[in-house]
1. Of the conditions (1) closer than 21 Å to Thr277 by Cβ; (2) assigned to a loop (DSSP other than H, G, I, E, B); (3) modelled with pLDDT under 90, Thr414 fails just one. Which one is it?
2. Assess whether Phe142 counts as being under 15 Å from Ser172 (Cβ atoms), surrounded by 22 or more Cβ atoms within 10 Å (Cβ to Cβ) and touching a His at 6+ places or on another chain (Cβ under 9 Å).
3. Can you tell me which of (1) without any contact (Cβ under 8 Å) to a residue 12 or more places away in the chain; (2) touching an Asp or Glu at 6+ places or on another chain (Cβ under 6 Å) is the one Cys148 doesn't meet?
4. So Pro100 ticks every box in (1) closer than 16 Å to Thr447 by Cα; (2) without any contact (Cβ under 8 Å) to a residue 60 or more places away in the chain but one. Which box is left unticked?
5. Only one of these is surrounded by 20 or more Cβ atoms within 10 Å (Cβ to Cβ), outside the structural domain of Ser379 (by TED's automatic domain parsing) and among the basic types (Lys, Arg): Lys299, Lys320, Lys307. Name it.
6. For Ser391, indicate whether it is touching a residue at least 12 places away in the same chain (Cβ under 8 Å), in a loop (DSSP other than H, G, I, E, B) and either surrounded by 15 or more Cβ atoms within 10 Å (Cβ to Cβ) or among the basic types (Lys, Arg) (or both).
7. Within the stretch 111-129, work out how many residues are under 9 Å from Asp84 (Cα atoms) and of a type outside the set (Ser, Thr, Tyr).
8. Which one is farthest from Cys114 (Cα to Cα), of the residues in the stretch 126-180 that are of a type in the set (Lys, Arg) and assigned to a loop (DSSP other than H, G, I, E, B)?
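The values are calculated or read from the model by the stated rules, or taken from the named source; none is laboratory data. What you see is a predicted model, and the numbers here were worked out from it, not measured in a lab. Here the Cβ is made from the backbone with ideal geometry for all residues, glycine too, and neighbour counts use every protein chain on show.
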Amino acid sequence: MTPRPAYRTAPVALTLAVTAVATALTLQQPAHAAADRIRLGNTADVSRASWNGPAFTMNGAGAVVTASMARAVNEIRGGTGSLDVVVLSGSAPTSGSPTPECDTAMGLTGVNSCTTWTLTTAADGNNGQVNSDIRNAEFVYFAGGDQCRYVAWKGTALEASVESVIAKGGGSGGGSAGHHINSPLVYDACNGSVTSSEALANPYQRSVSFTTGMFEWAHYGAVLNDSHFVTRDRMGRTMSFLARAVKDGLTPGGAAWGVGVEEGGGSLFLDRNGHATQYGKDAYVVLADHQPEQAVDRKPLTYTGFKIWRLTPGTTFDFKNRPTCGYYLRSVTNGTPDTNLYNGTPLTDCGAPGGGSTLTESEPNDTRDTADDATALPSPATVTGTMKSTSDRDYFKVALNSGQTATITCAVPTAYDADLYWLDSAGSTLERSVNDGAGTDENLTFTRTATGSGTYYLDMETYSGSGTAAYTCALTRS
């Protein structure tokens, strides 16, 4: 056999060498991370014909807030059974647990499973398994991170999947960036972040960019969310965003509403009727209801009369029937805002915090037999009284129909520490709120699942202290 010419071996060696180099270079290139899925809890999803939501949690920081999330879970499931949660994130945590939101959710009553998806590209919004998990869930939570990654899912299957969860009576929520994405007008930060001073100096600077038309939940129209509100001094930039929204017609009706929630446990809970309750830390509702005096590129903002409602923990706000009183006013002149943006005396007095009618206790009402009857009061309403002694108890009678939810939020004066109980007709405790400390607010919620109507009692009791200062409880039935 004639031997192969020596020159034929050189290209083979060269090919192997080139292949080795190419392989090495390929291994050194940063590979795109595939969508990552981690599921906690039961492997099978819950199957159920109907749900009682929607319900929403709007958090000032990325973490799940236990109190508001527990309430959302309870309202969606109507107090019975369990549901499935999906957490969506644009990046994995850099330290600690890979599933921090699900770790909290799995500790709540009524959670069957919690699945964390880490999605890093817009194309991940069309991932079949992602969308199957979302559609089979009853609550979708957007983690903190980068809202620009979230708005990239606009127009993908993921958007429709999340909307299907709301349509079936489930819920949505999020913290920080996840809070931003749950409003119909989103400050998307796709051109970088902006501070209050920068946005007020030029409302049209490049880093101020918006996304519209992704998610719009019932009763929450014309809203722009902002987070880390007080700690990062974001009132000024929210004012600038709202002025832009009105000037450019980004929201309907010539008005734009901002919802800024503080970090450190702040959470705004929103029920299916548009009734919101604040948890943990303060939130602010800011209204721009007229054209700005000056909002143009490369000039500072001038806007007279932003209306601001400060929502302290336990405070309620009706987004369906938005109030026309209870706000304080602040303005911006040539880019300089008024002082004391985060606190003010309401210019208009709304009266009792519950709105509607007020029922003042009439002693003796220390037993169920002598309870003041709040059954005929319209919703929302207010019940009020005082803890005159260290043994005082005040009873109010309330009726609920099947499927109806009662929400009670009580502002307690600093003279005493009072606790709140929800009793059945026999006097057994069904729900309670026993927060520690004089002047600490109390709140609870209860849904009647039995058929027909039922009688219940609201019981306010002294834990310590007493006085003539009145407590006020906002009572809503929905």
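1. Only one criterion is unmet by Thr414, namely (1).
2. So Phe142 passes the test.
3. For Cys148, the failing item is (1).
4. (1)
5. Lys307
6. No, not satisfied.
7. Selection size over the stretch 111-129: 3.
8. In the first step, residues of the stretch 126-180 are kept if they are of a type in the set (Lys, Arg); the result is 135, 149, 154, 168.
Subset that is assigned to a loop (DSSP other than H, G, I, E, B): 154, 168.
Numbers: Lys154: 23, Lys168: 18 Å.
Applying the filter and picking the extreme gives Lys154.
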